[in-house]
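Below you'll find the structure, written out as structure tokens, and then a few comments.
The values are calculated or read from the model by the stated rules, or taken from the named source; none is laboratory data. It should be emphasised that the depicted structure is a prediction, and the values quoted were computed from it without experimental measurement. When we count neighbours, we look across all protein chains shown, and the Cβ atoms used for this are built from the backbone with ideal geometry, even at glycine.
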Amino acid sequence: MRCCRDRKARQFDSGIVFKSTLTGGCRVTHLTKDIERPLGQALRPSGLQRRLLPSASALWLSAAAVALVVVSGAIALRQTPFRNPAIAVTSIPQADVPQPATTEVAVAKPAADAKKGGPSIIHVNPEDAAKGNGVIVIRDPSAVGQDLSHAHLPDKALIEDSETGPLPIRAADGRRPVDVYARPWSGARGARVAIVIGGLAVSQTGTQSAIEKLPAEVTLAFASQGNSIGRWMQAARRKGHEILIQAPLEPFDYPNVNPGRNTLTVDASADENLERLRWTLSRTTNYTGIMNYMGARFVADANAMEPVMAELARRGLLYLDDGTTARTVAPDLALKDRVPLASGDAIIDGERDRGAILKKLDQLEATARAKGFALGTGSAFDVTVDAVTAWVAEAKKRGIEIVPVSAVAVDPEKG
């Protein structure tokens, strides 16, 4: 033990060292009794004792650790709301282009179901999602609207090759052209007006003007007798239009009144009419369905119309009846064959006058406010295109939504 060099006592473990004034040496006095301890000097534990006795802070840390473990275990074992919430998956698109509320989304289930292999389908209850009953909403990036840079390109899974050209067909996974090529809309319950302008591809300048001027929400219908339909289809799709193909059907007084080449007639056999229909369908791609071009006699004959409706159902296309005759059998056959059907409420340009056309459009608005939606058809005349373009801009300000024809079609497959 090294001696101290001052007169102050230094404490070593359980003893005190004093410097001798006579000998200059050091002596250690061990205080074994309280009476021998100088006043004010508390007995300190030895080094070994200090290591064995826990401090108050250590005790508090230990207690906190135990409490943390207990709370974590309780949360982990709790059923709700921290563990395994009931998850419903729905697809909610952007506000400007919502999709139908009910959908099916393939997702991989965790844990138990994962052992069975493969994804499962979760059926969504839109009411639960709307009420916020513990629903986790997953946004589907594919449902935000049309990608206009690709809208003009046909989906190869929806194409059937034929001698006359590509034909629309349901995909192997069940997808239909009426769904894939449809223009999205808001899905709101307000008043909706669909406007279909036909006769495109007959006049090159008129077609170009209609595509450039008409709002994208207006549906365009191409005449199967037209020229460069594929090129005009691409231009229209890039602008965001939903499109139809016009099928020539037999009118009264045929052939004096002739819709054109490959007209479907009442006297032709079913095979002949289907061959003519397929020629019409092969004229272009990327359309959601067909509409009649003339055809007052044909659409009133159930025997003639039945094979046509069955073919449309097989290919996943809608049918638009322009409403020119009240004798049409299209609604009954469409329901029977499960074909999406849209029916026209008015022909807007029966009189080629701007004021008369605007009046017809105002009547469509009144119909839409009364029953929820209305559909008008017209042709690509300059006066019609200009009137529709101006009216749509004003109607939007009045809260009318302009929608594609697919948005007002009754689809038996969707209930």
### Query
If you go through the range 219-236 one residue at a time, do you hit one that is over 25 Å from Gly323 (Cα atoms) and part of a loop (DSSP other than H, G, I, E, B)?
yes
### Task
Assess whether Val385 counts as being part of a helix (DSSP H, G or I) and either surrounded by 19 or more Cβ atoms within 10 Å (Cβ to Cβ) or touching a Lys or Arg at 6+ places or on another chain (Cβ under 6 Å) (or both).
yes
### Query
Could you list, in sequence order, the residues of the range 317-350 that are hydrophobic (A, V, I, L, M, F, W, C), surrounded by fewer than 21 Cβ atoms within 10 Å (Cβ to Cβ) and closer than 20 Å to Val388 by Cα?
Ala346, Ile347
### Query
Is there a residue being under 29 Å from Val329 (Cβ atoms) and assigned by TED's automatic domain parsing to the domain that holds Ser282 anywhere in the range 202-210?
yes
### Query
Scanning for something in contact with a helix residue (DSSP H, G or I) (Cβ under 9 Å, 6 or more places away or on another chain) and either at pLDDT below 95 or farther than 16 Å from Val196 by Cβ (or both), does the range 376-384 turn up at least one residue?
yes
## Note on the structure
The correct count of residues that are at positive phi and basic (Lys, Arg) in the range 313-347 is 1
### Message
Filter the range 236-253 down to the residues that are surrounded by fewer than 20 Cβ atoms within 10 Å (Cβ to Cβ) and either polar (S, T, N, Q) or farther than 30 Å from Ile400 by Cβ (or both) and list them by number.
### Response
Phe252, Asp253
### Query
Does any residue of the range 163-174 turn out to be modelled with pLDDT of 95 or more, closer than 26 Å to Ile357 by Cβ and assigned by TED's automatic domain parsing to the domain that holds Val403?
no
### Task
Answer yes or no: is there a residue in the range 372-391 that is farther than 30 Å from Arg314 by Cβ, without any contact (Cβ under 8 Å) to a residue 40 or more places away in the chain and of a type in the set (D, E, K, R).
no
### Message
I need a count of the residues in the range 182-235 that are polar (S, T, N, Q), surrounded by 21 or more Cβ atoms within 10 Å (Cβ to Cβ) and either more than 22 Å from Arg276 (Cα to Cα) or under 28 Å from the mean Cα position of the chain (by Cα) (or both).
### Response
2
### Task
Report, by residue number, each residue of the range 265-286 that is out of contact with any Pro (no Cβ under 7 Å at 6 or more places or on another chain) and not in a helix (DSSP H, G or I).
Thr265, Val266, Asp267, Ala268, Ser269, Arg283, Thr284
### Query
Which residues, counting only those in the range 375-415, are touching a Leu at 6+ places or on another chain (Cβ under 7 Å) and within 14 Å of Val218 (Cβ to Cβ)?
Gly376, Ala380, Val385, Ala387, Val388, Thr389, Trp391, Val405, Ser406, Val408
### Query
Among the residues of the range 181-198, which ones are out of contact with any Gly (no Cβ under 8 Å at 6 or more places or on another chain) and either without any contact (Cβ under 8 Å) to a residue 24 or more places away in the chain or not polar (S, T, N, Q) (or both)?
Tyr181, Ala182, Trp185, Gly187, Ala188
